[in-house]
Amino acid sequence: MSKDSKQDKSGRDGHYATLRRAVRDAKRERGEIPTPQQKRQKSNKDWKPPQLQPEQVFLYGLHTVRAALENPERKLIRLSATQNAFARLDIGEPGSLPFPVEFVSPQDIDKVLGPEAIHQGVMLETRPLPARRLEALKESPLLLVLDQVTDPHNVGAIMRSAVAFGAGAIITTQRHSPTESGVLAKSASGALELIPYIQITNLADALGELHKLGFQTIGLDSEGPAALEGTFDTDKVALVLGSEGKGLRQKTRETVTALARLDMPGAIKSLNVSNAAAVALYATRQHLAKSK
């Protein structure tokens, strides 16, 4: 093989490698594949989280930040980014944006978010999204209610499924549930900007209000008396899922319209709450499509 042929082959290999990296990065930004853990010089033991104000939220990650910037309901305070990350956001010139842009190093962002946050070189300071009331949801045929699901990673994954299946909102309790945060938003990979996340004080009262709005509330329970598919009896459904360990609380079980199970023929009869939510949302969407 001639020297020129070797150089041509090396050039083609480099070109294809660049294309593969671009496709892989795009999938990571959309949350389709996980972002690998980055090696950090410091450990969590060396980091102390900054004291945040009640109305202060830091979002991070390219896809999460881009979705927040595109949400007209977001009040934006400041964007901090590396030069490379800002270019990847592709949002125009810093001087033309309606919020200040600060160029920083990855280590500067680490100081705020901690060394384990996969921020991809971008951090956005914002205010929390405006609160929504249950009355505003009466036109939506499908809602998701979480009974003290505490893990923000699970809630973020549930948000993605809820948006994918066209749910109108996620309703959860103010106590024993994650508040709006960077971890929640990163796990949701943009879905936080696309679906109302409504936190209420009393779940039983909220379920009663949903009943008045015409919703059938169905609590998911592995020991439910009937399969979910055979439980539907209306064209407005609110699925209720319990916490990761204990499931639905007794008061919730007594308040919902019906209890139902997800039938699984395999040896394992229960799923992680985020997986259960996705399966239940799919089954409910199938029912709603048939009832039109």
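The values are calculated or read from the model by the stated rules, or taken from the named source; none is laboratory data. Since the structure is predicted, the reported quantities are computational estimates derived from the model, not experimental observations. Here the Cβ positions follow ideal geometry from the backbone for every residue, glycine too, while neighbour counts run over all protein chains shown. Keep in mind that these areas ignore ligands, DNA and RNA; they rest on the heavy atoms of the full protein, side chains included. Shrake-Rupley method; radii C 1.70, N 1.55, O 1.52, S 1.80 Å.
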Fill in the blank from the handout: Filtering helices (runs of 4 or more DSSP H) wholly in segment 7-115 for at least 1 residues that are open to solvent by 100 Å² or more (accessible area, probe 1.4 Å) and modelled with pLDDT of 90 or more gives 83-89, 106-113
Handout entry: Tabulated pairs, segment 162-185, first farther than 21 Å from L137 by Cα, second part of a loop (DSSP other than H, G, I, E, B) and among the acidic types (D, E), C-beta under 9 angstrom, 6+ apart or interchain
Key = P178/D151
Problem - Meets criteria (surrounded by fewer than 19 Cβ atoms within 10 Å (Cβ to Cβ), among the aliphatic types (A, V, I, L, M) and within 25 Å of L124 (Cβ to Cβ)) for A185 - result: no
Practice task
May I ask you to verify whether E229 is part of a helix (DSSP H, G or I), without any contact (Cβ under 8 Å) to a residue 60 or more places away in the chain, surrounded by fewer than 23 Cβ atoms within 10 Å (Cβ to Cβ) and not β-branched (V, I, T)?
Solution key: yes
Completion exercise
Flagged pairs (Cβ under 8 angstrom, 6 or more apart or on separate chains; first in segment 263-284, in contact (Cβ under 8 Å) with a residue 24 or more places away in the chain and buried (at least 20 other Cβ atoms within 10 Å of the Cβ); second hydroxyl-bearing (S, T, Y) and part of a helix (DSSP H, G or I)) are S274/S161; A277/S161; L281/S161
Handout entry: Whichever residue in segment 192-206 is assigned to a loop (DSSP other than H, G, I, E, B) and among the β-branched types (V, I, T) and, among such residues, is nearest to H63 (Cα to Cα)
Key = I195
Problem - Options A164, A188, A204; residue that is more than 17 Å from R66 (Cβ to Cβ) and within 14 Å of the chain's Cα centre (by Cα) - result: A164
Completion exercise
Considering residues that are within 20 Å of V279 (Cα to Cα) and aliphatic (A, V, I, L, M), the number found within segment 117-164 is 13
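How many of the residues making up segment 143-165 are part of a loop (DSSP other than H, G, I, E, B) and either modelled with pLDDT of 95 or more or open to solvent by less than 10 Å² (accessible area, probe 1.4 Å) (or both)?
First, pick out the residues of segment 143-165 that are part of a loop (DSSP other than H, G, I, E, B): 148-151, 165.
Checking which are either modelled with pLDDT of 95 or more or open to solvent by less than 10 Å² (accessible area, probe 1.4 Å) (or both) leaves us with 149, 165.
Result for segment 143-165: 2.
What about A238, is it outside any loop (DSSP other than H, G, I, E, B), among the aliphatic types (A, V, I, L, M), under 21 Å from V155 (Cα atoms) and at pLDDT below 95?
Numbers: outside any loop (DSSP other than H, G, I, E, B): yes; among the aliphatic types (A, V, I, L, M): yes; under 21 Å from V155 (Cα atoms): yes; at pLDDT below 95: no.
So A238 fails the test.
What number of residues within segment 118-142 are more than 27 Å from L220 (Cβ to Cβ) and open to solvent by 10 Å² or more (accessible area, probe 1.4 Å)? Step through it out loud before you land on a result.
Step one: filter segment 118-142 for residues more than 27 Å from L220 (Cβ to Cβ), giving 118-128, 130.
Applying the additional criterion that residues be open to solvent by 10 Å² or more (accessible area, probe 1.4 Å) yields 118, 120, 123, 125, 127-128, 130.
Total satisfying the criteria: 7.
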